[in-house]
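Asker: What follows is a single structure, and I will ask about it in a moment.
The values are calculated or read from the model by the stated rules, or taken from the named source; none is laboratory data. For clarity, every value in this text was computed on a predicted model and none was experimentally measured. For neighbour counting, all protein chains shown are included, and Cβ atoms are generated from backbone atoms with ideal geometry for every residue, glycine included.
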Ligand code: HEM
């Protein structure tokens with residue numbers, strides 16, 4: 001089935017702690033069907049180094065913020081937040097860090113294991129009527145003359161997935177996808193068709209734009225081929241989803257491999273078009289990009305600063321992702337308690353520390369064991385820079401995947417271990433979803449077979 005993109009400009013409309021934020025979010029999880037977590041390598045032993053080693057390692061990961069740490073392939077920063085948006089569409093573990101346990105099958109995934117934008121649609125017209133007007137458009141507020149999320153008096157957005165208002169970058173990616181849906185309604189499509197077209201174009205972008213940047217086209221091609229009729233065919237290697245109607249989310253993906261994106265986050269970004277002023281993601285003064293508030297006019301995203309757009313020269317304020325390496329931006333070492341992480345008896349505000357401690361609590365296997373299981377010859381601890389014998393020659397999975405990307409790919413994309421896990425799980429989730437474009441009875445492609453982020457931006461009139 002092919003569907004024409006709505007004509008440009010047709011009827012355009014003017015447009016708190018992980019747990020705390022989610023529980024306070026007025027529409028948290030509306031319409032979501034929960035699913036399960038599980039393991040991709042259940043036969044590998046849990047790697048359990050001392051907490052003190054992990055805490056020391058996390059502290060050593062602070063990025064000195066040098067230009068040399070920009071992605072050498074100049075991957076534009078918009079992909080970082082497309083990546084975070086995708087994370088929030090498929091995986092949500094609300095367990096406090098202090099309560100995380102090795103018994104991962106007792107954990108519930110608060111999101112559907114599908115690239116179905118449940119984070120945006122919630123329960124659709126009947127389950128989340130607050131989100132829509134009578135025609136099926138997403139409703140917006142417009143406090144500063146451009147489309148913003150609907151917000152309650154505290155500034156918090158009315159969202160099925162509160163994390164999409166955690167910073168002003170992901171909030172604006174969310175709004176972009178909502179506006180894309182509205183274009184289909186403006187063009188006369190019924191709600192269900194507008195929803196399906198929005199989902200399918202988004203899935204297409206993930207397969208054709210996002211994954212090739214992050215894992216490389218050859219890795220996409222290893223898992224996904226097309227028959228003569230252009231019908232996608234998935235080749236599974238290690239992901240065993242369990243019940244195919246309720247695929248499990250592997251913790252090796254959610255707690256390690258897919259957290260590669262934390263390394264792509266910059267310290268600061270140039271936000272509006274025509275500017276060169278950088279604003280930090282988070283800082284202690286709050287003069288930053290924290291969310292849960294109306295988007296200030298001076299922090300509206302100029303998309304040419306965040307994506308390569310055909311026919312538009314890169315502006316002076318263009319933001320390049322950080323390398324995917326073993327360094328993490330200083331912004332992520334002091335996460336705001338309340339809007340971003342929960343207030344716990346012991347607050348861990350450093351994201352690298354949270355990732356490493358959670359990985360241990362969830363019983364993740366070591367990087368080297370996972371690499372061997374995938375048939376990849378891993379880097380040794382000496383090569384990874386972990387010289388303390390207390391590591392016992394093994395490295396935490398998240399750290400190993402980041403450092404491998406740095407050593408094997410100069411941080412331009414994921415290394416062999418990370419890309420094998422990320423590509424197989426993301427493509428597998430699209431494949432297992434019987435409503436995705438892979439499952440369309442007639443092979444589906446966007447109208448001219450070409451659809452990129454610039455096509456999407458043009459269609460909503462933001463270029
Ligand atoms: C400013 C940007 C970001 C912030 C502030 C942020 C913050 C966080 C926090 C606080 C957690 C929970 C940590 C824990 O308690 O274990 C988390 C989890 C996670 N993050 Fe990020 N993150 C950001 C960007 C990204 C990006 C770009 C990606 C991937 C491309 C990503 C992937 C993930 C994944 C997969 C999880 C686990 C989700 C779950 O299963 O609940 N994040 N992030």
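Asker: Can you pull out the residues in region 404-432 that are in contact with a helix residue (DSSP H, G or I) (Cβ under 7 Å, 6 or more places away or on another chain) and part of a loop (DSSP other than H, G, I, E, B)?
Answerer: The answer is 411, 413, 414, 415.
Asker: Please determine whether any residue of region 58-73 is within 11 Å of the ligand (Cβ to nearest atom), touching a helix residue (DSSP H, G or I) at 6+ places or on another chain (Cβ under 6 Å) and either in a helix (DSSP H, G or I) or under 18 Å from residue 257 (Cα atoms) (or both). So that I can check it myself, show each step before the final result.
Answerer: Applying the first criterion (within 11 Å of the ligand (Cβ to nearest atom)) to region 58-73 yields none.
No, region 58-73 has no match at all.
Asker: Being more than 10 Å from the ligand (Cβ to nearest atom) and in a loop (DSSP other than H, G, I, E, B) is the filter here, so list the residues in region 334-349 that pass it. Lay out the reasoning, then the answer.
Answerer: First, the residues of region 334-349 that are more than 10 Å from the ligand (Cβ to nearest atom): 334, 337-338, 343, 345-347.
Those that are more than 10 Å from the ligand (Cβ to nearest atom) and in a loop (DSSP other than H, G, I, E, B): 334, 338, 343, 345, 346, 347.
Asker: Next question, about the same structure. Test residue 357 against the criterion of being over 30 Å from residue 67 (Cβ atoms), at pLDDT 95 or above, in a loop (DSSP other than H, G, I, E, B) and within 16 Å of the ligand (Cβ to nearest atom), and give yes or no.
Answerer: Numbers: over 30 Å from residue 67 (Cβ atoms): yes; at pLDDT 95 or above: yes; in a loop (DSSP other than H, G, I, E, B): no; within 16 Å of the ligand (Cβ to nearest atom): yes.
So residue 357 does not fit the description; no.
Asker: What's the number of the condition residue 370 fails, among (1) at pLDDT 95 or above; (2) assigned to a loop (DSSP other than H, G, I, E, B); (3) farther than 22 Å from residue 282 by Cα?
Answerer: The single condition residue 370 does not satisfy is (2).
Asker: Considering only region 133-144, how many residues are touching a helix residue (DSSP H, G or I) at 6+ places or on another chain (Cβ under 6 Å) and surrounded by 15 or more Cβ atoms within 10 Å (Cβ to Cβ)?
Answerer: Qualifying residue count, region 133-144: 3.
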